[in-house]
Amino acid sequence: MDTLILGIESSCDETSASVIKNGRYILSNVISSQIDLHKKYGGVVPEIASRKHVELIMPVINQALEEAGVTLNDIDAIGVTYGPGLVGALLVGLTAAKAIAFTTGKPLVGVHHIEGHIAANYLQYPELEPPFVCLVASGGHSHIVLVESYDKFEILGQTRDDAAGEAFDKISRAIGLGYPGGPLIDKYAAQGNSKAVKFPRVQFEDGSLDFSFSGLKTAVLNHLNRLEQTGEQVNIPDVAASFQQAVVDVLVKNTIRAAKQKGVDKIALAGGVAANSQLRSEMKSQAKKQGIEVLYPDLILCTDNAAMIGCAAYFEYKNGKRSGMDLNAVPGLKLG
């Protein structure tokens with residue numbers, strides 16, 4: 001008997017709904033992005049994002065059901081992101097999910113957003129099973145996670161300041177590329193020299209697998225200021241390539257160290273930064289030297305989407321997790 005999960009995601013600026021079969025197969029994955037709406041502000045404006053979610057949430061859910069060829073009667077449970085994320089945005093998806101659960105009598109399953117990103121790999125690789133190490137890197141998160149089982153996680157490393165994706169966005173704005181920064185820096189870096197500017201790579205002396213990107217961000221801004229003061233032209237591709245190389249070097253080194261420490265032979269990538277072409281290629285080539293396989297989802301499953309939430313909800317549902325109508329948005333929700 002198949003199990004169908006309706007997934008709902010609204011933690012930031014994507015309104016998304018999906019229908020997932022047996023935790024591995026996507027029947028629909030509707031994503032309405034607000035990138036163009038926030039582009040002129042250089043980043044996501046929470047109040048605008050929340051209002052847009054209110055406008056889009058029910059049409060997106062209805063479209064996901066229609067594309068999957070099912071009705072709410074066919075759904076076994078509703079999975080929804082309840083944190084972390086923007087509190088107003090989270091509440092829109094959560095309220096819709098609770099309303100559907102209440103009126104249909106279907107179980108409600110609250111999903112951790114980072115757990116959702118990790119689960120995107122199960123959709124890409126239906127044969128994938130824990131344990132493995134996952135690098136979750138996005139605008140709000142930079143975590144190295146040991147995935148011990150479908151619902152058991154150990155954080156091995158995380159950012160002590162800026163997330164990797166946040167650094168991409170800020171540097172992209174600083175060099176005049178705009179928002180969102182990740183794809184733009186990736187594009188321009190391909191035309192630049194990654195050794196043109198020597199930017200710092202932070203490694204903590206205590207052997208920690210944590211990240212720090214604030215110093216790197218400051219170093220790039222100082223470099224741009226020096227060029228401005230001396231009247232020199234900024235070589236945008238070179239700065240983009242040098243900055244990207246510094247981020248990728250640390251992400252790759254720490255993630256492979258984590259996998260070796262835990263004795264696992266698989267690394268998965270997740271989150272928006274997992275779409276970065278250099279991160280994918282360098283992680284794969286460096287890990288191969290250590291006998292470690294690297295997996296990553298299609299680009300559409302790297303950014304925020306409801307398919308990953310429906311997938312994570314399936315495993316929680318099968319493990320007996322149920323959320324009550326008192327489930328609330330938790331913007332700073334911790335993993336584990």
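The values are calculated or read from the model by the stated rules, or taken from the named source; none is laboratory data. Predicted model only: the values in this text are computed from it and were never measured. Glycine also receives a Cβ, built like all others from the backbone with ideal geometry; neighbour counts cover every protein chain displayed.
Odds and ends about this structure:
- Residue 95 part of a helix (DSSP H, G or I), at pLDDT 95 or above, exposed (fewer than 15 other Cβ atoms within 10 Å of the Cβ) and of a type in the set (Ser, Thr, Tyr): no
- Some residue of region 50-72 being of a type in the set (Asp, Glu), at pLDDT 95 or above, assigned to a helix (DSSP H, G or I) and touching a strand residue (DSSP E or B) at 6+ places or on another chain (Cβ under 6 Å): yes
- Flag if residue 28 is in contact with a strand residue (DSSP E or B) (Cβ under 7 Å, 6 or more places away or on another chain), assigned to a loop (DSSP other than H, G, I, E, B) and of a type in the set (S, T, N, Q): no
- Only listed residue being in contact with an Asp or Glu (Cβ under 9 Å, 6 or more places away or on another chain), outside the structural domain of residue 177 (by TED's automatic domain parsing) and farther than 21 Å from residue 320 by Cα, chosen from 48, 26: 48
- Matching residues, region 137-164, being among the charged types (D, E, K, R) and either within 13 Å of the chain's Cα centre (by Cα) or not in a strand (DSSP E or B) (or both): 151, 160, 161, 162
- Residues considered: 310, 272. Of these, the only one that is farther than 27 Å from residue 194 by Cα and buried (at least 20 other Cβ atoms within 10 Å of the Cβ) is 310.
- Test for residue 238: is it out of contact with any Leu (no Cβ under 8 Å at 6 or more places or on another chain), within 16 Å of residue 168 (Cα to Cα) and either assigned to a helix (DSSP H, G or I) or acidic (Asp, Glu) (or both): yes
- Any hit, region 238-246, residues being in the same structural domain as residue 177 (by TED's automatic domain parsing) and on the phi > 0 side of the Ramachandran plot: no
- Complete set of residues in region 165-221 that are closer than 25 Å to residue 144 by Cα, modelled with pLDDT under 90 and exposed (fewer than 15 other Cβ atoms within 10 Å of the Cβ): 204, 205, 206, 207
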